[in-house]
Amino acid sequence: MTPEKLAFERNKLHKRLLRLSGKAIADFSMIEPGDKVMVCLSGGKDSYALLDLLRTHRERAPFAFSIVAVNLDQKQPGFPEHILPDYLRSQGVDFHIETQDTYSIVTRLIPEGKTLCSLCSRLRRGILYRVADELGATKIALGHHRDDILETFFLNLFYGGQMKGMPPKLISDDGKHIVIRPLAYVEESDLHAYAQWRDFPIIPCNLCGSQANLKRREVKQLMRDWEKRFPGRVDHIFAALGRVTPSHLMDARHYDFRTLGQGLADPQVEGDRLFDPDALASDAPEAQVQRIDVRSLQRQRSA
Ligand code: SF4
């Protein structure tokens with residue numbers, strides 16, 4: 001690739017990442033004037049990219065908000081303590097390193113051979129919420145991206161019997177913290193490319209010695225295969241997560257089937273199609289809207 005072509009491609013990638021993260025921030029009202037956003041930095045490509053993009057959004061936003069980067073040093077063997085502080089200082093980013101030896105706790109409590117992640121992430125969550133309080137952060141930003149959201153959705157579907165993904169914005173159980181995922185629309189492959197280009201000092205993510213989740217790897221591979229064989233399928237599934245019709249599913253917690261028809265006051269969102277011939281959802285007029293949105297997301301990616 002010529003240097004000109006490379007510069008062009010990188011510029012395109014940067015614009016796409018800013019556009020998609022900006023769209024997610026706007027679509028879900030993630031950041032508001034005066035917010036202090038605590039960016040959780042693990043040392044992986046996703047959180048570096050998140051911090052980088054949010055800093056650019058902050059420069060361009062029509063209102064003021066601040067950013068503080070936080071890393072939780074869990075005392076995993078071989079964790080290179082200097083890398084993040086050195087990087088953050090060189091970038092002029094306000095930051096806090098929280099040191100808590102969760103590694104010892106987890107390895108002491110979990111029998112050998114069992115997965116450490118569930119206890120580890122519960123401890124980490126509690127610590128990060130406390131740190132957010134201490135720093136006065138109003139939002140906690142995590143680096144999960146589109147592929148994380150889809151993988152979680154399929155894991156819940158295949159192994160948990162639930163239709164549940166990973167929300168772009170959520171409030172903690174105690175109602176005190178708002179967690180945001182500004183990379184919700186961003187593909188992982190773009191984050192790989194961005195991290196390479198920006199030469200982020202990546203810290204390996206296997207220091208805890210926990211085995212990578214086999215089921216998650218399977219789902220990742222499944223999505224890769226689909227994308228090869230049926231280009232656009234993954235985008236369609238992702239778009240579907242934002243277009244749910246509770247009246248056409250079977251969860252009575254989200255649609256009041258019990259009183260349906262009693263007052264005739266709740267028409268079906270999609271109208272009555274009971275006597276229509278069977279058709280693919282994509283043949284229905286409302287799917288035209290769906291197509292437009294999927295294409296618009298695809299266009300935004302390839303622009
Ligand atoms: S992979 Fe390691 S650091 Fe991450 S949640 Fe699991 S045990 Fe904790």
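Each value in this text was obtained by applying a stated rule to the coordinates, not by laboratory testing. Note that the structure is a prediction, hence the values are computed from the model and not measured. Note: ideal-geometry Cβ built from the backbone for every residue, glycine included; neighbour counts use all protein chains shown.
Indicate the gyration tensor shape class of the chain (rounded, prolate or oblate), computed on the Cα atoms with a ≥ b ≥ c the square roots of the eigenvalues: a/c under 1.5 is rounded; otherwise a/b larger than b/c is prolate and the rest oblate. Prolate is the answer for the chain, as a/c is 1.5 or above and a/b outweighs b/c. Scoring 238-247, 190-199, 4-13, 176-185 by mean Cβ neighbours within 10 Å over their residues and listing the highest first yields 176-185, 190-199, 238-247, 4-13. Note on MET163 and ARG233: the model spin-label points, each 7 Å out from Cα along the C-beta direction, lie 2.0 nm apart. Apply the a/c threshold of 1.5 to the C-alpha gyration tensor of segment 101-225 and tell me whether it is rounded, prolate or oblate. It comes out rounded by the Cα gyration axes. Once the Cβ-Cβ distance of HIS82 and LEU207 is raised to the sixth power relative to R0 = 22 Å, the FRET efficiency obtained is 0.90.
Full extension of the chain between THR115 and ASP174 yields a length gain of 18.6 nm, computed as 0.36 nm times the residue separation minus the alpha carbon distance. Site pair ARG253 and GLU9 shows an inter-label distance of 4.6 nm when each label is modelled 7 Å from Cα along Cα→Cβ.
For ALA141, nonlocal amide neighbours, meaning residues 5 or more places apart or on other chains whose placed amide H falls under 5 Å from its own, are MET38, VAL39, CYS40, ILE180. Going 7 Å from the Cα of HIS192 along its beta-carbon direction, which residues of segment 10-46 have the amide nitrogen within less than 18 Å of the resulting point? Output list for this probe position: 10, 13-14, 17, 44-46.
For segment 33-75, the set of trypsin sites (Lys or Arg not before Pro) satisfying both a DSSP loop assignment and a count of at most 16 other C-beta atoms within 10 Å is given as LYS75. Of ASP148, ASP225, ASP235, the residue with the greatest mean-square motion in the GNM of the chain, using alpha carbon springs below 10 Å, is ASP225.
Given the C-alpha centroids of segment 110-164 and segment 184-199, what is the distance between them in whole angstrom? The two parts, judged by their Cα centres, are 21 Å apart.
Return the lysines within reach of LYS23: Cα separation strictly under 24 angstrom, same-chain partners fewer than 8 residues apart disregarded; answer none if there are no such residues. The reachable lysines, counting only those whose Cα sits under 24 Å from LYS23, are LYS12, LYS15, LYS36, LYS45, LYS139, LYS164, LYS169. Restricting attention to the chain, close to 15% of DSSP beta bridges with both partner residues there are antiparallel. Available extension along the chain between THR2 and ARG108 is 32.8 nm, counting 0.36 nm per residue and deducting the alpha carbon span. Using a Gaussian network model of the chain in which every pair of alpha carbons under 10 angstrom is joined by a spring, one finds that among ILE202, ILE25, ILE83 the greatest mean-square fluctuation is at ILE83.
Simple spin-label estimate for ARG60 and ARG122 gives 4.2 nm between the two label positions (7 Å along the Cα-to-Cβ direction from each Cα).
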